[in-house]
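Only one structure is covered here, and it is reproduced in the block below.
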Amino acid sequence: MSDLKKERNAFFDELVENGLFIPTGVAGFYGRGGAFEDVVRQFGLLVGQYSESDGAERIFFPPLVQKTTLERAGYMETMPHLCGVVHSFSGDEGEHKKLLSAIKEGEDWSGFLEATDLALTPAACYPLYPTASGTLKEGGRLVDLDAGYVFRREPSEDPARLQMFRQREMVRMGPPELVQEWRGVWMERGESVLRSLGLDVVVEVASDPFFGRGGRMLSASQKQQELKFEMQVPIVSREHPTAVTSFNYHTSHFGETFGILSNDGEYAHTACLGFGVERIALALFRRHGMQPTRWPSSVRTLLWP
Ligand code: ZN
């Protein structure tokens, strides 16, 4: 077993022993203990102070998105392997009998279900864009989506790679110069928030794990245009830090797709900033130990003011 795997497994065991993660038998799907959730909530309040002083609107969506939104946004072209669609039973009594007997026989019964018009949302910002169509007021919009759960089908033994996790996402929509200015503010702010919590941060130009050969070309162009930045901190290993925050500049992609216009009549530019909330909590437990009551007082004062 590689050293990285050993470290990963040891960290996972430690999380379980301390009641922070509750295993379910499925990789990447765990219950969270109370102490873990406390850290998640307090981090959310810390970040919320910034969005409140920026005057962000607060909007909440359940962890779902219309299937048509994924189609329109091009998600199935770039990330079909991460997608999860909600299926449901809509057959008659005869079909129901067959379904039950398939279960009894230990057969795969999923063929009796049909896809609905909903998918699990893969990014907290997706459900927002279709609701924003139309002309924005002067100065555009800033939305704080709080911590919405998102789903990505990537089962892994890495405790920092979950199938369902929360993103504290903020979305800026408006003319390009305002969106870019906001990006500049958060690039510095995001790093300083993480550093103030005692985390060693590296900021990197990054790309998404797009699917297939076409995807590799997209990733390369995304990197070249510096559309995505990540803040990485050590979780399992110091040498291979994990992305805990990502910043995505979509230029006019969502503006054009969903008919979002700036008040000058041009397609709005959009960008989103997402904190991977579970990953930040994991990084804090890794850095400061499994007992938050024993964390450094500088960190405790920020999280529990
Ligand atoms: Zn987003």
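The values are calculated or read from the model by the stated rules, or taken from the named source; none is laboratory data. Values in this document were obtained by computation on a predicted structure and should not be read as measured data. Positions of Cβ are generated from backbone atoms using ideal geometry, with glycine treated the same way; all protein chains shown enter the neighbour counts.
On inspection, Ser221 fails the criterion of being away from the ligand (no atom under 14 Å from the Cβ), touching a strand residue (DSSP E or B) at 6+ places or on another chain (Cβ under 7 Å) and of a type in the set (S, T, N, Q).
Taking segment 59-164 as the region of interest, the helices (runs of 4 or more DSSP H) fully inside it that hold 2 or more residues being touching a helix residue (DSSP H, G or I) at 6+ places or on another chain (Cβ under 7 Å) and within 16 Å of the ligand (Cβ to nearest atom) are 67-73, 128-131.
Residues that are modelled with pLDDT under 95 and touching an Asp or Glu at 6+ places or on another chain (Cβ under 8 Å) within segment 61-80 comprise Thr78, Met79, listed in sequence order. Per the listing Ala102, Ala56, Ala73, the residue uniquely touching a Phe, Trp or Tyr at 6+ places or on another chain (Cβ under 9 Å), of a type outside the set (Asp, Glu) and within 25 Å of Leu303 (Cα to Cα) is Ala56. Of the residues in segment 92-112, none is touching a residue at least 24 places away in the same chain (Cβ under 8 Å), more than 22 Å from Gln232 (Cα to Cα) and in contact with a Ser or Thr (Cβ under 9 Å, 6 or more places away or on another chain).
Looking across segment 219-237, the residues that are of a type outside the set (Ser, Thr, Tyr) and touching a residue at least 24 places away in the same chain (Cβ under 8 Å) come down to Leu227, Phe229, Glu230, Met231, Gln232, Val233, Pro234, Ile235, Val236. Among the residues of segment 184-218, those identified as touching a residue at least 24 places away in the same chain (Cβ under 8 Å), closer than 28 Å to Phe60 by Cβ, surrounded by fewer than 19 Cβ atoms within 10 Å (Cβ to Cβ) and not acidic (Asp, Glu) are Met187, Arg189, Ser196, Pro209.
Would a scan of segment 37-51 turn up a residue that is over 21 Å from the mean Cα position of the chain (by Cα), in the same structural domain as Phe275 (by TED's automatic domain parsing) and surrounded by 14 or more Cβ atoms within 10 Å (Cβ to Cβ)? No, segment 37-51 has no match at all. Inclusion of Ile59 among residues that are among the aliphatic types (A, V, I, L, M) and out of contact with any strand residue (DSSP E or B) (no Cβ under 8 Å at 6 or more places or on another chain) is not warranted.
In segment 11-38, the residue that is nearest to Pro234 (Cα to Cα) out of those that are in a helix (DSSP H, G or I) and small (Gly, Ala, Ser) is Ala35.
Take the conditions (1) under 18 Å from the mean Cα position of the chain (by Cα); (2) over 30 Å from Met217 (Cβ atoms); Gly34 misses just one of them, which is (1).
In a residue-by-residue description of segment 263-278, the property of being part of a helix (DSSP H, G or I), within 16 Å of the ligand (Cβ to nearest atom) and of a type outside the set (Ser, Thr, Tyr) applies to at least one position.
Applying the selection to segment 279-305, what residues are among the small types (Gly, Ala, Ser) and either within 16 Å of the ligand (Cβ to nearest atom) or surrounded by 17 or more Cβ atoms within 10 Å (Cβ to Cβ) (or both)?
The answer is Ala281, Ala283.
Looking at segment 165-177, which of the residues that are in contact (Cβ under 8 Å) with a residue 60 or more places away in the chain and either more than 16 Å from the ligand (Cβ to nearest atom) or charged (D, E, K, R) (or both) is nearest to Tyr126 (Cα to Cα)? It comes out as Glu169.
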